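Engineer: Just passing along the structure, written as structure tokens.
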Ligand SMILES: Cc1cc2nc3c(=O)[nH]c(=O)nc-3n(C[C@H](O)[C@H](O)[C@H](O)COP(=O)(O)OP(=O)(O)OC[C@H]3O[C@@H](n4cnc5c(N)ncnc54)[C@H](O)[C@@H]3O)c2cc1C
Ligand code: FES
Ligand code: FES
């Protein structure tokens, strides 16, 4: 094998630009965690099944374990670290998850919130059944999902209010 | 789990891509990565070269000219799901996509990737069979069109040559107001179907069935076309009883068995999914008339 090819890439993460030289085989998840040192993006299964690594690339929720860092060159990536509007304030999604105990260990939470950012922007008033489908690609081993759905419904209401 | 080392190529034109694929040894095409990246991470595949199709121009589109609809191989499943053109012309495609993986996988996964991966349970494979799609592939010798009935050669083996790329999938739309139904059973939403069924029905002016298409997915390595049932449906008045009676023999079809799902269970599901898909299609076609 011909050793490891490297490439220079420039990725915007939560609004700030990161220029790095990376191995072409590096996944976006590992780029975020090891090169950018933002460890809020979690890595569970590394084959697309658990949803823990979900981030937004150009506004779309994707599995960062199934994308190469080189494929994010020139793109905007949003991770959980960029969600809160400021040091002391939580995003409505974060607040709703806190209020409803929508997380216990928190391993699945960043991926769930990233998914909901895209989903709720497009579906501001989802039913409980629709939310269950929207979150079917995010596995949680703690909560039993009930509180996640309750938090998501409440977050949807808060976001509608904020927009009105 | 990390992908093994490989050389990465991101060509911008189809001509460049065909040349790369034809000259590089042990190269793999990368589309949405929703099947290939897991296989790389788990090191089930060890390519020396990865040719990324994501920057190749002209491979992502949904276009119609008359009843002919052309979908570029690199069109994301999510864009197909939301396409107004498909909702009008080929509504069974968005209906089936609601069952394909999850929001996050459909944002990346492509139609060309799904057909090329050719999982026996892939919803798009079942639907392309029912719609009698044509797959256009490009290679060193130019392009050729493969009728979908000849596209799956066997278990996860498409008719695409090793030096060929799927560029487009071409469909002839059914008449406006036709009925369509997609039914599947999976253990969780977003899982590959254990057995799925795609049905299309066009009614005649007298309310009887004019034309029918019915295909099962997941039963065998390649889609199961139910030609005998299609023929028997023509000229009949649609009813639940008719569908149940005609689909009953599906329980005797050949079926795959594996550690999780024995063949007997797939055979049990076959008539159930087939009649559900037909009933949905008939309901939609009837509603379109009224
Ligand atoms: C959690 C999860 C759940 C899923 N659930 C489902 C499901 O329920 N139903 C379902 O059908 N799928 C499911 N998938 C798979 C998904 O639909 C993939 O998108 C699809 O199988 C492959 O498409 P892709 O564009 O991602 O292709 P890739 O993964 O990039 O490629 C797949 C294969 O096709 C080849 N290939 C790709 N494009 C071309 C081309 N244009 N010409 C020639 N060869 C090509 C590649 O070389 C590779 O061998 C799931 C995936 C995940 C991660
Ligand atoms: S780590 Fe990416 S989906 Fe599980
Ligand atoms: S809170 Fe622990 S996995 Fe979801």
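The values are calculated or read from the model by the stated rules, or taken from the named source; none is laboratory data. Quick caveat, the model's predicted, so the values are computed rather than measured. Please note: Cβ atoms are built from the backbone with ideal geometry, for glycine as well, and neighbour counts cover all protein chains shown.
Engineer: Can you confirm whether the stretch A:121-128 contains a residue that is assigned to a helix (DSSP H, G or I), more than 17 Å from the chain's Cα centre (by Cα) and more than 11 Å from chain B (Cβ to nearest Cβ)?
Structural biologist: yes
Engineer: While we're here: Among the residues of the stretch A:57-68, are any assigned to a strand (DSSP E or B), crowded, with 18+ Cβ neighbours inside 10 Å, at pLDDT 95 or above and more than 8 Å from chain B (Cβ to nearest Cβ)?
Structural biologist: yes
Engineer: Quick check on residue B:181: is it buried (at least 16 other Cβ atoms within 10 Å of the Cβ), within 14 Å of chain A (Cβ to nearest Cβ) and closer than 24 Å to residue B:85 by Cα?
Structural biologist: Spelling it out, it is not the case that residue B:181 is buried (at least 16 other Cβ atoms within 10 Å of the Cβ), within 14 Å of chain A (Cβ to nearest Cβ) and closer than 24 Å to residue B:85 by Cα.
Engineer: Restrict the check to the stretch A:30-48 and report whether at least one residue is more than 16 Å from ligand 3 (Cβ to nearest atom) and in a strand (DSSP E or B).
Structural biologist: Among the residues of the stretch A:30-48, not one is more than 16 Å from ligand 3 (Cβ to nearest atom) and in a strand (DSSP E or B), which makes the answer no.
Engineer: In the set A:91, A:47, which member is in contact with a helix residue (DSSP H, G or I) (Cβ under 9 Å, 6 or more places away or on another chain), facing chain B (nearest Cβ under 10 Å) and either free of Cβ contacts under 8 Å to residues at least 40 places away in the same chain or within 16 Å of ligand 1 (Cβ to nearest atom) (or both)?
Structural biologist: Result: A:47 is the single residue among A:91, A:47 that is in contact with a helix residue (DSSP H, G or I) (Cβ under 9 Å, 6 or more places away or on another chain), facing chain B (nearest Cβ under 10 Å) and either free of Cβ contacts under 8 Å to residues at least 40 places away in the same chain or within 16 Å of ligand 1 (Cβ to nearest atom) (or both).
Engineer: Also, quick follow-up: State whether the residues of the stretch A:139-151 include one that is under 22 Å from residue A:64 (Cβ atoms) and in contact (Cβ under 8 Å) with a residue 60 or more places away in the chain.
Structural biologist: Yes, the conditions are met somewhere in the stretch A:139-151.
Engineer: Which count do you get for residues in the stretch A:49-81 that are within 10 Å of the chain's Cα centre (by Cα) and away from ligand 3 (no atom under 16 Å from the Cβ)?
Structural biologist: The qualifying residues number 12.
Engineer: Oh, and also: Quick check on the stretch A:21-41: of everything there that is at negative phi and surrounded by fewer than 16 Cβ atoms within 10 Å (Cβ to Cβ), which residue is farthest from the other protein chains (Cβ to nearest Cβ)?
Structural biologist: A:39
Engineer: Now for a separate question. If I go through the stretch B:1-15 residue by residue, how many of them are part of a helix (DSSP H, G or I) and without any contact (Cβ under 8 Å) to a residue 40 or more places away in the chain?
Structural biologist: Residues flagged as part of a helix (DSSP H, G or I) and without any contact (Cβ under 8 Å) to a residue 40 or more places away in the chain within the stretch B:1-15 amount to 1.
Engineer: Please state which one of B:159, B:138, B:129 is in contact with a strand residue (DSSP E or B) (Cβ under 9 Å, 6 or more places away or on another chain), at pLDDT 95 or above and either near ligand 1 (Cβ under 10 Å from one of its atoms) or within 15 Å of residue B:70 (Cα to Cα) (or both).
Structural biologist: Exactly one of B:159, B:138, B:129 is in contact with a strand residue (DSSP E or B) (Cβ under 9 Å, 6 or more places away or on another chain), at pLDDT 95 or above and either near ligand 1 (Cβ under 10 Å from one of its atoms) or within 15 Å of residue B:70 (Cα to Cα) (or both), namely B:138.
Engineer: Any idea which residue in the stretch B:116-147 is nearest to ligand 2 (Cβ to nearest atom), counting only those that are in a helix (DSSP H, G or I) and surrounded by fewer than 24 Cβ atoms within 10 Å (Cβ to Cβ)?
Structural biologist: B:117
Engineer: Something else: Out of the residues in the stretch B:34-64 that are in contact with a strand residue (DSSP E or B) (Cβ under 9 Å, 6 or more places away or on another chain), farther than 12 Å from residue B:3 by Cα and not in a strand (DSSP E or B), state the one that is nearest to ligand 1 (Cβ to nearest atom).
Structural biologist: By that ranking, first place goes to B:34.
Engineer: OK, next. Does residue B:161 meet the test of being crowded, with 18+ Cβ neighbours inside 10 Å, out of contact with any helix residue (DSSP H, G or I) (no Cβ under 7 Å at 6 or more places or on another chain) and either outside any strand (DSSP E or B) or in the same structural domain as residue B:275 (by TED's automatic domain parsing) (or both)?
Structural biologist: no
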